[in-house]
Amino acid sequence: MIAVDDQPFFLGVARDVVRATPGFRWAGEAQSGEEAIEAVDRVHPDLVLLDVRMPGIGGIEAARRIAGEHPEVVVVLISVDDRESIGEAAETSGAAELIGKQRFGPAMLRELWARHGTAA
């Protein structure tokens, strides 16, 4: 799994959650949409956790590009913003789901993979 966020604190949380969750492997991180696209091309992860709001290419555009070029990759958008403010854009991005950052943890990670992945 790769996590993408411009906030180092959240990247640290995501890294800790992934490493503490059996069946998941930390494959790397990025801090922008541009870095996310490059990382997916290089690492070929099964799952990308992608922050919606970042400088440069934001998460929604990065999700569109990743889903278009790598349809086998499960892209999950994550945000502190409410669903209503970004829901429609998220739905057309190619991402499997949009979740709130406050809900992210081992149980949520397992649930996401159960809904959208092939095996954990």
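Among the candidates Val43, Val48, single out the residue that is surrounded by 16 or more Cβ atoms within 10 Å (Cβ to Cβ) and of a type in the set (Val, Ile, Thr).
Working: Val43 fails: surrounded by 16 or more Cβ atoms within 10 Å (Cβ to Cβ).
Going through Val43, Val48 in turn, the sole match is Val48.
Among the helices (runs of 4 or more DSSP H) confined to the range 23-120, the ones with at least 3 residues that are modelled with pLDDT under 90, more than 16 Å from Asp5 (Cβ to Cβ) and not β-branched (Val, Ile, Thr) are located at 83-91. So in the range 1-22, with the set limited to residues that are touching a residue at least 24 places away in the same chain (Cβ under 8 Å) and in a helix (DSSP H, G or I), which one is nearest to the chain's Cα centre (by Cα)? Selected residue: Ala14.
The values are calculated or read from the model by the stated rules, or taken from the named source; none is laboratory data. These numbers were taken from a predicted model, which means no experiment stands behind them. Glycine gets a Cβ as well: all are built from the backbone with ideal geometry, and neighbour counts include every protein chain shown.
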